[in-house]
Amino acid sequence: MNRKERPKRFNIERIIEVECLRLSSEGAGVGYHDGKATFVAGLLPGEIGEVQIFEEKKSWQRGRLISVQDATVSSQRVNPPCTVYGVCGGCQLQHLSYPETLVWKKRWVADNLTRIGKIAMDNVLMYSTIGMEDPWRYRNKGRFHRGEDHRLGYHQEKSNTIVRFKDCLLISEPMNQWLKEVEDILLKEAPEIKTLTLRENTQGEGMLVLEPVNDGENIRELLGKMNSLLIGSNEKDKRLGISSVWGINDAGKPELLIGKGDFRQEILGLEYKVSPLAFLQVNPIQTQKLYSTVLQWAERSPAKVVWDLYSGIGTITLALAAKAQKVWGIEENPYAVEDARVNALHNRIENVEFMAGKVEDTFQKIDEHPDLVVLDPPRAGAHRRVLEGLIKLQPKRIIYVSCDPGTLARDLGILQSGGYQVREVQPVDMFPWTGHVEAIILMTNSGFKGK
């Protein structure tokens, strides 16, 4: 590399002033300095911040907020109640009033659809974000990691540093207590355990998942000593309410160590078994609202055959069964598929069938043409072969549930090029105080007949 080709060196760790103009979809304030986009966590629109630059690229840079010149400029600024906010990184918006976070989440969805998906929003019904009456202690799952001091905490955002806390305001008070007691008792005698996951259903029962566990007998012996504490087998002592403890070995296989194997969650009147490695929406209150919207949109045009792609444990599949003659669910996770089949039997639903495999490889095996297709893919979005397959099949309606506005917009753009039109958009605040937003999209076939 000659001297002319050497990359430019930037002067990082310098101090500048930045006026915030808007919020990025990550929740950071966005301003401009010398024509360069500058991202600053904690800065709100209208505010001017003293900012220390710590990362600089050719067209953008990131800064650390040192101070706000006048914190009263933004009427939406509030004091974050979390004691580790700004250190943990799990929440990005606790300094912004909750109603205003809902406004921005709607804007982020619309901006992505317009900018990335090239969706013309003039003829689209774009609804306000569905929020929560009480946007705290909503998570039914937490994943925690052991630090060098053998204490548990979250991984700091974009880091392996462990952030400890006394009370995480996103999980319930019982879950905070479970974490403390398990940490105090179990981790001292089982140093091989590096990570644990806690789940809680709406009935107050808990599931504890330990990993790695390659000597189940040793851990089971320790748990046996704690049986009355963990499982509540003693009727006078049910402090923890954890009904099952699982171990995950190095091969990723789950093993029931102690307690009952079934962990169940009720959603819209149906009861679902959830395996330790199966996906379940983390916010049960908002899940009910999200699935209710999907069902309302599905009802508008009675469908004989429905496909539920990326179906998980069958939550949407089984709910849709009452609206159709037949519902097909496809899911890659084998544990989730097993749960889905058990859930269908448990709820006495017979007009559903689940197929295990990657959606892009499996949907072609279904010989019944869909009238309605529901997609709820992971954050990376749907596989392109799935989208191209739907364009060829031309189902009358598509309902797309997404947790990432960027990949959602990309996928909708592809479907739009194949003759579909976005009709309605409903953002849902599944993750209050974070930069994440869920969205439900209704698309209809415009009559396009491709080659």
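Assuming Asp167 fulfils every condition listed in (1) under 22 Å from Asn283 (Cα atoms); (2) crowded, with 17+ Cβ neighbours inside 10 Å; (3) not assigned by TED's automatic domain parsing to the domain that holds Val401 apart from one, which condition is it?
Tallying (1) under 22 Å from Asn283 (Cα atoms); (2) crowded, with 17+ Cβ neighbours inside 10 Å; (3) not assigned by TED's automatic domain parsing to the domain that holds Val401, Asp167 fails exactly one: (2).
Output the residue which, of all residues in region 274-295 that are in a loop (DSSP other than H, G, I, E, B) and touching a Phe, Trp or Tyr at 6+ places or on another chain (Cβ under 7 Å), is farthest from Trp433 (Cα to Cα).
Residue satisfying both the conditions and the ranking: Ser275.
Here are some conditions: (1) at pLDDT 95 or above; (2) part of a helix (DSSP H, G or I); (3) out of contact with any strand residue (DSSP E or B) (no Cβ under 9 Å at 6 or more places or on another chain). Ala344 meets all but one. Which one does it not meet?
(3)
Just one of (1) under 20 Å from Ser402 (Cβ atoms); (2) at pLDDT 95 or above trips up Gln281, so point out which.
(2)
Within region 114-126, can one find any residue that is assigned to a helix (DSSP H, G or I), under 20 Å from the mean Cα position of the chain (by Cα) and modelled with pLDDT of 95 or more?
The answer is no, given that none of the residues of region 114-126 is assigned to a helix (DSSP H, G or I), under 20 Å from the mean Cα position of the chain (by Cα) and modelled with pLDDT of 95 or more.
Identify, by number, the condition in (1) at pLDDT 95 or above; (2) aliphatic (A, V, I, L, M); (3) more than 20 Å from Ile398 (Cβ to Cβ) that Ile258 doesn't meet.
Failed condition: (1).
One line per residue, one yes/no per condition, for (1) surrounded by fewer than 23 Cβ atoms within 10 Å (Cβ to Cβ); (2) touching a residue at least 40 places away in the same chain (Cβ under 8 Å); (3) of a type in the set (A, V, I, L, M); (4) more than 27 Å from Asp429 (Cα to Cα):
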| site | (1), (2), (3), (4) |
| --- | --- |
| Ala278 | yes, yes, yes, no |
| Val282 | yes, yes, yes, no |
| Trp297 | yes, yes, no, no |
| Ser301 | yes, yes, no, no |
| Val306 | no, yes, yes, no |
| Leu309 | no, yes, yes, no |
| Glu338 | yes, yes, no, yes |
| Val352 | no, no, yes, yes |
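Considering region 398-438 alone, what residues qualify as being acidic (Asp, Glu) and more than 18 Å from Arg379 (Cα to Cα)?
Selection gives Glu424 alone.
The values are calculated or read from the model by the stated rules, or taken from the named source; none is laboratory data. Quick caveat: nothing in here was measured; it's all calculated off a predicted structure. Note: ideal-geometry Cβ built from the backbone for every residue, glycine included; neighbour counts use all protein chains shown.
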